[in-house]
Amino acid sequence: MVETKVEGSHGEEMAWALGTRPHVTVTSVTQSAFNWAAAIGQAESPRVDPGRDCDEHHGRGGVTGSSLENGGRLAFTPPRRCPQPTARKMLSRLPASSLKSLRLSGNAPSSLLNNAARNVARVRYSSSNAGASSGAKSFLDSRATLASATLFAVGSVAWYTHLYGSLPFVGEVFANSPAEEGLHPPSYPWSHNGWLDSFDHASIRRGYQVYREVCAACHSLDRIAWRNLVGVSHTVDEAKAMAEEVEYTDGPDDQGEMFQRPGKLSDYLPPPYPNEEAARASNQGALPPDLSLIIKARHGGPDYIFSLLTGYVDPPAGFEIREGMNYNPYFPGNAIGMARVLFDGVVEYEDGTPGTTSQMAKDVATFLNWAAEPEFDERKKTGLKAVILFSALTAISLYVKRFKWSVIKSRKIIYNPPADKPHH
Ligand code: HEC
């Protein structure tokens, strides 16, 4: 007869899944429990003295107890965590042959302890051979030695870095010297810096005005079309009106002639020069780079652009600067072909913001940052949605996993051999 008793109700499983663990006991009174235990290779496991080191036989998971012939109890419990030193002590008391059989039993929960057992065995053997050098060994084992060696190592590293600035083997390697690199820009608190912060769109609109009125005289912005501004800094009507102010070459027409027409939303912002040669010719040989991706193309991004635009100063004494070049500490090499272009009041903002040099530099850097990453706001919004969705799914799947496993993880199988019934 098989009698399986499962204590515990649905409510208790739920409680377990939530962290409180009720008793769920599976009791079987046939030999099948033993057979099953034998099938997973546990029936012949060594007897671990229960109750001495830990309160139960949890030196290892699995089935413990004496063999069937002895009429003992066979109990299966899931492995429980035992404090490491205690587990070791217990395992070290086992005879070597039982350690071997422990090692051979291949079920996963005890493999950790198998390793521990192996280590204990090794340590024991070596320590029993090490009688002669026990003085040196205790010196090596002592905590004072460990502490002072650590202190010495940390101290040497600290002293070396204090003297030379960095360690010889972790130093960074630069292709350029710091002077060639240019001054490193400080990092400014951009309002779009935070994980959940969008661009300041009023600033993008002002920045566009600065680009249009100042930078566009020399720099192209190839990758931005008028339609890209719609909904970002301008309305459709505004963008259309701005596009129509520019003449674009189109064609050919029915006669095979190219013709001029006013711009459309799908046209790209017009370049200031027809080609690179013209651009260089107008700028003493220097090429004003396209600004579409300049934020991504320069180390420091908007910090660098802001610093560059506001960083023009007189060259320090002794710094030779060529005719037509300008001194700027942030530019690699410190001599830049672009002169200072932003001065207080150069741009009169339509929204009334005072057009100071730093305000214009900040706005144009924000605008260029948008031009380089038009997907910026959408990316952060999608990212936030994904984080919320995936954390909810993770939480649900963890809950369901614990719920489904609660019965299996908390059961206890006890085998009671048939008692000899007294005959009357
Ligand atoms: C009079 C023409 C002119 C104007 C106006 C102008 N620039 Fe330039 N810019 C140049 C030239 C020329 C260079 C190339 C400098 C060089 O390579 O030495 C340049 C280079 C740059 C660079 C690249 C620096 C680097 O690290 O390579 C940036 C960024 C830049 N300009 C931004 C701007 C911005 C923003 C504005 C508007 C506020 C602006 N420029 C206005 C001519 C101009």
With every atom except the alpha carbons ignored, what do you get for Rg and Dmax of segment 326-406, in angstroms?
24.3, 74
Separation of the PHE376 and VAL400 label points, Cα + 7 Å toward Cβ, nm:
4.0 nm
Filter the cross-link list LYS380/LYS409; LYS380/LYS404; LYS264/LYS385; LYS381/LYS404; LYS264/LYS380 down to pairs whose alpha-carbon distance in this structure exceeds 32 Å.
LYS380/LYS409; LYS380/LYS404; LYS264/LYS385; LYS381/LYS404
Ordering of 345-355, 153-163 by packing [mean C-beta count within 10 Å, highest first]
345-355, 153-163
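Each reported figure results from applying straightforward, stated rules to the coordinates on display, with no laboratory input. Remember, it's a predicted structure, so these values are computed and weren't measured experimentally. Neighbour counts are summed over all protein chains in view; Cβ atoms, including those assigned to glycine, are modelled from backbone coordinates with ideal geometry.
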